[in-house]
Amino acid sequence: MILEGLVTTLDATGAPHLAPMGPRVDPDFARFTLRPFPTSNTYQNLLRHREGVLHVTDDALLLARAAIGAVGAVPATRPADRVRGFVLADSCRHFEFVVKSVDASSERVTLEAEVVHTGRTRDFFGFNRAKHAVVEAAILATRLHFLPLTEVAAEFAKLRVIVGKTGGPDEHAAMDLLEAKLREVEAGR
């Protein structure tokens, strides 16, 4: 199963780097597979320092901002317990991990990770259609460089209806941000 979450890694200066990732997780969460693009900062960070933290969050706005590279300063963190890294202070759960193997033989790199520590910060909000719609829109936004923009715009329109019916201020702000990114890319093509 793929779990949409956020991964923190350490950049070359030791500062936290935040990126959305959808690893394929084992049912027991003991191991998972990351498939970053080789040009991504996350991949470069994990090659340099093979530790990180996968976060489960219900913060759809943060996930949307991370998807389009608009995080700005990384939100509040605390040191990880077992790896050299950082835990997002407002995540629901986190999985500290060590990369055990790297396969760079295809376009998408495959990193096999072993979970060395898990933690829980707070309860998950629960299932909300608007939050899930934002997650879907954020995933599409990470693919604007190769998906047909008319198809993305059509999907965004459908997802906007769901956000309009079931979302709160953060979900509306997230959709606004993602739609603005789509318009920016459309104007540049």
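The values are calculated or read from the model by the stated rules, or taken from the named source; none is laboratory data. On a predicted model such as this, the values are computed, not experimentally measured, just so you know. Because the Cβ atoms are built from the backbone with ideal geometry, glycine has one as well, and the counts that use them run over all protein chains shown.
With VAL115, VAL7, VAL109 as the choices, which residue is out of contact with any helix residue (DSSP H, G or I) (no Cβ under 7 Å at 6 or more places or on another chain) and either farther than 30 Å from PRO169 by Cβ or modelled with pLDDT of 95 or more (or both)?
Result of the check over VAL115, VAL7, VAL109: VAL115.
Do the conditions hold for ARG84, that is, is it touching a Phe, Trp or Tyr at 6+ places or on another chain (Cβ under 8 Å) and either more than 27 Å from GLU136 (Cβ to Cβ) or touching a residue at least 40 places away in the same chain (Cβ under 8 Å) (or both)?
When the stated conditions are applied, ARG84 does not pass them.
Being surrounded by 20 or more Cβ atoms within 10 Å (Cβ to Cβ) and in a loop (DSSP other than H, G, I, E, B) is the filter here; which residues of the stretch 84-108 pass it?
GLY85, SER91
Could you say which residue among HIS55, HIS49, HIS17 is at pLDDT 95 or above, under 13 Å from the mean Cα position of the chain (by Cα), more than 20 Å from PHE125 (Cβ to Cβ) and not β-branched (Val, Ile, Thr)?
Criteria check complete, one pass: HIS17.
Residue pairs, Cβ under 6 Å, 6 or more apart or interchain, first in the stretch 93-105 and without any contact (Cβ under 8 Å) to a residue 24 or more places away in the chain and of a type in the set (Gly, Ala, Ser), second in a strand (DSSP E or B) and surrounded by 12 or more Cβ atoms within 10 Å (Cβ to Cβ). List them.
SER101/GLU112
Among the candidates LEU34, LEU61, which residue alone is in contact with a helix residue (DSSP H, G or I) (Cβ under 8 Å, 6 or more places away or on another chain) and closer than 14 Å to VAL102 by Cβ?
Just a single option satisfies the conditions, and that option is LEU34.
Could you name every one of the helices (runs of 4 or more DSSP H) located completely within the stretch 117-189 that has at least 1 residues being small (Gly, Ala, Ser), surrounded by fewer than 20 Cβ atoms within 10 Å (Cβ to Cβ) and out of contact with any Pro (no Cβ under 9 Å at 6 or more places or on another chain)?
149-166, 169-188
Among the listed residues PHE95, PHE156, PHE86, identify the single one that is aromatic (Phe, Trp, Tyr), at pLDDT 95 or above, closer than 29 Å to MET175 by Cβ and not assigned by the TED database to the domain that holds LEU10.
From the options PHE95, PHE156, PHE86, the qualifying one is PHE156.
Kindly indicate whether ASP59 is within 25 Å of LEU182 (Cβ to Cβ), touching an Asp or Glu at 6+ places or on another chain (Cβ under 7 Å) and among the acidic types (Asp, Glu).
So ASP59 fits the description; yes.
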